[in-house]
Amino acid sequence: MGRHREFDVEKVLDAALCVFWRKGYEGASYADLTEAAGVERPALYSAFGNKEALFRRVLDRYSERYVGYIPVALQMPTARQVAKHILYGAADLNTRYPGHTGCLGINGAVAGSDEAEPVRQALIDFRAAGQAQLRERFDRAKAEGDLPETAKPEALAAFLMAVTHGMAVQAKAGFSRDMLEAVAEQALSAWPTGNSTPSEKSS
């Protein structure tokens, strides 16, 4: 029989998530991960396989625990409210934890070594899935008259993602939540509206 695992997998995942969030995938060493998790490297291998497999588990956990504002946003009654909820949610998340600002999906994922290419691709897929959900929501908004006939849902989804990605980079560089919210308002000032947009007084 194998030895009984003597650590809490959930706590290890949370510790690893904070390290990856702060340092990015390649910036996080095994020494960083084992120190934060309080377990030895063989134990990490035994539980998760390797660093890439651990990161993929962490990415799933991040999606489940920290970006719940996105599915909430997709249920908002207007496209502008969708965008506003996402932008303000991003501003909050990117600055909520001083020890790991920015976004796990952006930090350290723009470029990397050949060995890290599968992780970079996983993050590209992660972001692409979010953009596809936005495009689908904005397609519906256009069909309902909430967006004008001239609106391009795919471009709007890409625009919103570009702004939130930029906000994540700015947060990592030390921008305050107030400044990120000002960026959000600037982006919203250019948001197109259709002829049947419900009132946003309650939003």
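The values are calculated or read from the model by the stated rules, or taken from the named source; none is laboratory data. Quick caveat: nothing in here was measured; it's all calculated off a predicted structure. Note that we place each Cβ from the backbone using ideal geometry, even for glycine, and neighbour counts take in every protein chain shown. Heads up: the accessible areas ignore ligands, DNA and RNA and are worked out on the full protein's heavy atoms, side chains in. Shrake-Rupley method; radii C 1.70, N 1.55, O 1.52, S 1.80 Å.
Some points to look at:
- Apportionment of accessible area to carbon and sulfur, the chain, percent (1.4 Å): 52
- Measuring r between the beta carbons of residue 121 and residue 193 and using R0 = 41 Å, the FRET efficiency lands at 0.65.
- For the chain, the number of Lys pairs separated by eight or more positions or lying on different chains, with C-alpha atoms closer than 19 Å, is 8.
- Mean residue ellipticity (222 nm) of the chain, computed from DSSP H runs ≥ 4 via -39,500 (n - 2.57), nearest 500: -22000 deg cm²/dmol
- Among [x] 34, 18, 15; [y] 25, 19, 16; [z] 37, 17, 15, the entry derived from the coordinates for semi-axes √(5λ) of the Cα gyration tensor in Å: [z]
- Under the membrane-span-like helix rule (DSSP H runs whose alpha carbons stretch at least 15 Å along the helix axis, mean Kyte-Doolittle hydropathy -1.0 or higher), the chain yields 9-27, 79-96, 117-143, 153-172, 177-189.
- Modelled this way, with points 7 Å down the Cα-to-C-beta line, the labels at residue 149 and residue 46 are 6.7 nm from one another.
- Among 137-147, 60-70, 18-28, the order from most to least packed when residues are scored by Cβ within 10 Å on average: 18-28, 137-147, 60-70
- Remark: spin-label model distance residue 14-residue 69 equals 2.1 nm, labels positioned 7 Å along the Cα→Cβ axis.
- A Förster radius of 30 Å, combined with the Cβ-Cβ distance separating residue 132 from residue 35, puts the computed FRET efficiency at roughly 0.20.
- Prolate/oblate/rounded call for region 72-144, Cα gyration tensor, a/c under 1.5 rounded: oblate
- Note on residue 185: accessible area is roughly 80 Å² with a 1.4 Å probe, heavy atoms of protein only.
- Surface exposure of the chain, expressed per residue as accessible area with a 1.4 Å probe, stands at 53 Å².
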